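The values are calculated or read from the model by the stated rules, or taken from the named source; none is laboratory data. Values in this document were obtained by computation on a predicted structure and should not be read as measured data. So basically every Cβ, Gly included, is an ideal-geometry build from the backbone, and we count neighbours across all protein chains shown. Accessible surface areas use protein heavy atoms only, side chains included; no ligands, DNA or RNA. Shrake-Rupley method; radii C 1.70, N 1.55, O 1.52, S 1.80 Å.
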Amino acid sequence: MLRRVWLILLPAVLLGAPGDPPRKLSLREAEELALKNHPSLQSARALEKASLEVPKEVRSRLFPTVESNVTGAIVNDDTARIFAGALNAPSLFNHVGAGLSVSQLITDFGRTRNLTASAQLQAQAQGEVTNTTHAGVLLGVDRSYYTALRSQAILRVAQQTVRARQLVADQTSTLAQSKLRSDLDVTFAKVNLEEALLLLSNAENEERAAMAELSTALGESAPMEYTLQEDEIPGELPADSSPLISEALNQRPEAKQAKLQIQAAERFARAERALRYPTLSAGANAGGAPVRPERFSPGWAAAAVNVQIPIFNGGLFTARRTEAELRMEAARQQGRDIENRIARDVRVAYLSAVNAYKRLQLTAQLLDQAGQSLKLAQARYELGLSSIVELSQAQLNVTRAQIAQASAKFDYQAERASLNYQTGALK
């Protein structure tokens, strides 16, 4: 039996071997590592940078466009003309020419500026998406970190339980050989030891799974082993969730994103309304033709102003304007829905944190009572005043209380991290 227990405890001993110590990691270091390495955050940052280029693309219409052209043409008959495909009939000549074309938008009655403003607001909204991803990565790290701490604490409880029950089993076997205890006591002691070994096996598996989850949250491609440092337990919560809801509506990136998207939809609707106005633009063209018919001038230069007035396009502009206005209204309603969901999430996270804090206090009292009961049961059993069943039950109660306290401690810290995320305080 001793050999079997040693084989089960051996992996835990080897993990702490001096030759290959696990890396020490605090919660702050874990968060910094995740913010540096996590692929989802890197993706969000790249998308944010890409969105910042869209306003530049839209705004480019406000600046002059300069193009250079070099054209050469050979025809078999300079009396040929193009008589199909357009309203004009341009002449065809052997020629080579080069020139510059310049065009400039004078005014489109604010359409391009509204489109630019809408794109800028959308880029800012994408920045809030990055902030949401940022907070989500931190939440994932915090919850995984506390889950790993809980699994390590439960593993320590399981190891202590195995040692304690192994000691009782050995003592009972020795006493049974001296006819001071019955074989039934030995059987009960062995059953309790087997239960402890099963608990240890499950705890080891959960600890490895928790470390794998933490490694993924940190952006690591392979599971790593860490020696985690515990944080101080946060204090009590406010008496009511109302101030937390107000804080969340002001700080949550999702709420800011919704407001920016509403503003972007409003500016886009203005731009679509401007489609019914004329567009005024200017253009200039200059160049030379070293190869040309002799009757034509060797160079040219011309400028023009053009007014484009929409008259009829099958209701296209009206439909686009209506679509933009409806999408603006949809964005407003989505914003309301997001605010309602944020308020709900804060209330739920607050209640979960309050319950976890109560569990923290109750499990401490439970462990204290279970410890006292174990001392009394141990003393009664050693004096022969009770059976091993009473002692086994007392040991089981202590193990359950220790696991409950470890779970409550780190569950409360995880719930506080979730509450910080829901209020927008996790940055």
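Please compute the net charge surrounding residue 320, taking Lys and Arg as +1 and Asp and Glu as -1 over other residues with Cβ under 12 Å from its Cβ. Charge balance near residue 320 sits at +2. Each Lys and Arg Cβ is given +1 and each Asp and Glu Cβ -1; about its Cα centre, region 54-97 then shows a dipole of about 320 debye. Site pair residue 224 and residue 42 shows an inter-label distance of 1.4 nm when each label is modelled 7 Å from Cα along Cα→Cβ. Springs join every pair of Cα atoms under 10 Å in this Gaussian network model of the chain, and among 301, 210, 248 the largest mean-square fluctuation is at 301. Cα extents for the chain along the principal axes, largest to smallest and rounded to whole angstrom: 133, 50, 34. Summing +1 for each Lys or Arg and -1 for each Asp or Glu among the other residues whose beta-carbon sits under 10 angstrom from that of residue 62 gives +2.
For the modelled label position 7 Å from the Cα of residue 369 along Cα-to-Cβ, which residues of region 391-405 have backbone nitrogen atoms closer than 15 Å? What the label zone holds, given the 15 Å backbone N cut-off, is 394, 397-402, 404-405. Taking the dipole about the Cα centre of region 163-228, with the C-beta of Lys and Arg at +1 and of Asp and Glu at -1, give me whichever of 198, 167, 178 is farthest to the positive side. Going by the Cα projections, it comes out as 178. About its Cα centre, region 295-406 has a charge dipole of approximately 360 debye under the convention of +1 per Lys or Arg Cβ and -1 per Asp or Glu Cβ, with nothing else charged.
Residues of the chain were split at every exposed loop site, defined as GluC sites (Glu not before Pro) in a DSSP loop with at most 11 other C-beta atoms within 10 angstrom, and the longest piece left, sites excluded, is 1-231. Tell me, rounded to the nearest percent, the portion of alpha carbon pairs in region 201-280 spaced more than 20 Å apart. For region 201-280, the share of Cα pairs beyond 20 Å comes to 70 percent. Between the listed residues 383, 289, 229, the Cα displaced farthest toward the positive end of the dipole of the chain, a dipole computed from Cβ unit charges relative to the Cα centre, is found at 289.
Taking label points 7 Å from Cα along the Cα-to-Cβ direction, residue 242 and residue 361 give a separation of 2.3 nm.
For the residues 375, 259, a 1.4 Å probe over the protein chains yields an accessible-area ranking, largest first, of 375, 259. Charging the Cβ of each Asp and Glu at -1 and of each Lys and Arg at +1, and nothing else, the dipole of the chain about its Cα centre rounds to 760 debye. The residues of the chain expose on average 58 square angstrom of accessible surface per residue, using a 1.4 Å probe on protein heavy atoms.
Cross-link check: pairs 24/427; 375/409; 36/427 evaluated at a Cα-Cα cut-off of 20 Å; pairs beyond the cut-off: 24/427; 375/409.
Stokes-Einstein diffusion coefficient for region 53-175 at 20 °C in a medium of 1.002 mPa s, Rh from the Kirkwood formula over Cα pairs: what value in µm²/s? Once the numbers are plugged in, D ends up at 91 µm²/s. Contact order, relative form, for the chain: 24 percent (alpha carbon pairs under 8 Å, 6 or more residues apart, mean separation divided by residue count).
Between residue 180 and residue 77, the modelled label-to-label distance comes to 12.9 nm, taking each label 7 Å out from Cα in the direction of the beta carbon.
Ligands, DNA and RNA left out, the 1.4 Å accessible surface of the chain is 56% carbon and sulfur atoms. Between the residues 300, 253, 263, the greatest Cα displacement towards the positive end of the dipole of region 233-358, with unit charges on the Cβ of Lys, Arg, Asp and Glu, is found for 300.
Within region 271-302, which trypsin sites (Lys or Arg not before Pro) sit in a loop by DSSP and count at most 15 neighbouring Cβ atoms inside 10 Å? Filter output for region 271-302: 295. Loop-located trypsin sites (Lys or Arg not before Pro) across region 159-220 with a Cβ neighbour count of 11 or fewer within 10 Å are 179, with loop assigned by DSSP. Helix 316-382 axis versus longest C-alpha principal axis of the chain: approximately 10°, rounded to the nearest ten. A Förster radius of 56 Å combined with the Cβ-Cβ distance from residue 53 to residue 24 puts the calculated FRET efficiency at roughly 0.85.
For region 58-131, the list of chymotrypsin sites (Phe, Trp or Tyr not before Pro) that fall in a loop by DSSP and count at most 13 other C-beta atoms within 10 angstrom reads 83.
Any idea how far the Cα center of region 273-309 sits from the one of region 140-186, in Å? Cα centroid to Cα centroid, the span is 92 Å. Taking Cβ atoms as reference points and 12 Å as the exclusive limit, the residues near residue 403 contribute a net charge of +2, counting Lys and Arg as +1 and Asp and Glu as -1.
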